[in-house]
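Read the figures in this text as sums done on the coordinates, not as results from a lab. This one's a predicted model, so the numbers in the text were calculated from it and none came from an experiment. A quick note on method: Cβ atoms are made from the backbone with ideal geometry, for glycine too, and the neighbour counts reach across all protein chains shown.
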Amino acid sequence: MPDRDSKPGRRRAKGRRRKPRGGRSKGLRIAAWSAAGIVVLGGTGLGYVYFKLDGNIKSVDINAALGTDRPQNVDNGSQDILVLGSDSRAGANKKAGGGQDDGSARSDTAMIVHIYKGHKKASVISIPRDTLVDRPECTDSKGTAHQAATQVMFNSAYSTGGAACAVKTVESVTGIRMDHYVEVDFSGFEQLIDDLGGVEVTTTKAIDDPDSHLTLDAGTHTLDGKQALGLVRTRHGVGDGSDLGRIQLQQAFMKALMDQLKSVGVFTSPKKLYDLADTATKSVTTDSELASVKDLASFANGLKGIGSNDMNMVTLPVQYDTNDANRVLVDETKADQVWKALKADKAIPKSVGEGTATGQADGVVK
């Protein structure tokens, strides 16, 4: 498994939160971690199971936790969603993710998904978990306050104060208010892929990573849940072994997953649809405004036109830390271009990736 070490803030103007937009099937196209849950919740016609599925969904009241000390909302028709893949070592996640059950959890995968006005295009900004950031003061779900910390790993925000702290840290770093929060855990992701019948990918190089339990020859494969989880987590089995390389694999898998959904036949099989919905709602944690099947379905409606070719995948511009090769530092100048583009609901300049640190796994998965 990749190195799990985590080390233990700025105030923003008051603002209000945009209301979620309307739902149906193709909401999966937000991101790999949130997509499979949302796609099966929209337009299903399974009203008779709503009550049971609603009971599956876990939620966090981000608004109550953070109050009004948040970036001001620029209400221009766009939406911003923080999507996390959680790294808990408890219960089924220990088996899926490996490692020790130390009672903690980390945001092993983090993405800001920006849905542009009109909901026809999206940008996904992956945040390397090893990025050193300034974390603001946070209060965890037990009411314990944690002092602000400078230059700590990004994923320590989640392990320190949970979902609310992760959202607060992202908003502090970006100056952008997150409209929604979606989290999917290890075991849920694995089961969702199995429920879908697997995802087909082509690898241009062999991958062998005992840490993520993944061995693949070069060629075309239909990955089951365990293999898919291994692929999005593999770090040492391909490229330079960096978290940046792993992000490249994750982004390629996301596109493969979205393309696969077009031919899965989910909506012609009520049983498959229900199995997916049941798994998804058991696996997902959302903000309180998306904490029902109805709300998720309504939210997904505006995303139905977004396909893999309409999604721009970007990695937060970073540079390697000269003091620690296992950490990266935000390239503030280029990152500022990203945040300004999103605030203005504009395309992210292609130049933001020039001259920044990058992994060596691009093109390994197609």
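Tell me whether region 303-366 comes out rounded, prolate or oblate; compute the Cα gyration tensor, take square roots of the eigenvalues as a ≥ b ≥ c, and use a/c under 1.5 as the rounded threshold. Since a/c reaches 1.5 but b/c is at least a/b, the shape of region 303-366 is classed as oblate.
With a/c under 1.5 counting as rounded, go ahead and sort region 187-244 into rounded, prolate or oblate using the C-alpha gyration tensor (a ≥ b ≥ c being the square roots of the eigenvalues; past the cut-off, prolate if a/b is larger than b/c, else oblate). Judged from the Cα gyration tensor, region 187-244 comes out oblate (a/c at least 1.5, b/c at or above a/b).
For LYS117, a cut-off of 15 angstrom between C-alpha atoms picks up these aspartates and glutamates, skipping any fewer than 8 places away in its own chain: ASP75, ASP80, ASP179, ASP310, ASP345.
Stokes-Einstein diffusion for region 211-366 at 10 °C, viscosity 1.306 mPa s, with a Kirkwood radius from C-alpha pairs, works out to 86 µm²/s. Once a ≥ b ≥ c are taken as the square roots of the eigenvalues of the Cα gyration tensor of region 134-268, is the result rounded (a/c under 1.5), prolate (a/b larger than b/c) or oblate (a/b not larger than b/c)? Prolate.
In terms of distances greater than 27 angstrom between alpha carbons, the cross-link table entries LYS304/LYS366; LYS120/LYS282; LYS58/LYS168; LYS282/LYS366 yield LYS120/LYS282; LYS282/LYS366.
Distant-in-sequence amide contacts of VAL318, defined by a placed amide H-H separation under 5 Å and a gap of 5 or more residues or a different chain, comprise ASP331, ALA357. Our note on the geometry: Cα centres of region 149-212 and region 324-365, 18 Å apart. Protection proxy ranking of 186-198, 335-347, by the mean of other Cβ atoms within 10 Å over each peptide's residues and highest first, is 186-198, 335-347. Converting phi to 3J(HN,Hα) with the Karplus coefficients 6.51, -1.76 and 1.60 and the offset θ = phi - 60°, region 128-143 yields x, 5, 8, 5, 7, 9, 8, 9, x, 4, 9, 10, 7, 5, 8, x Hz in sequence order, with x at every glycine or proline.
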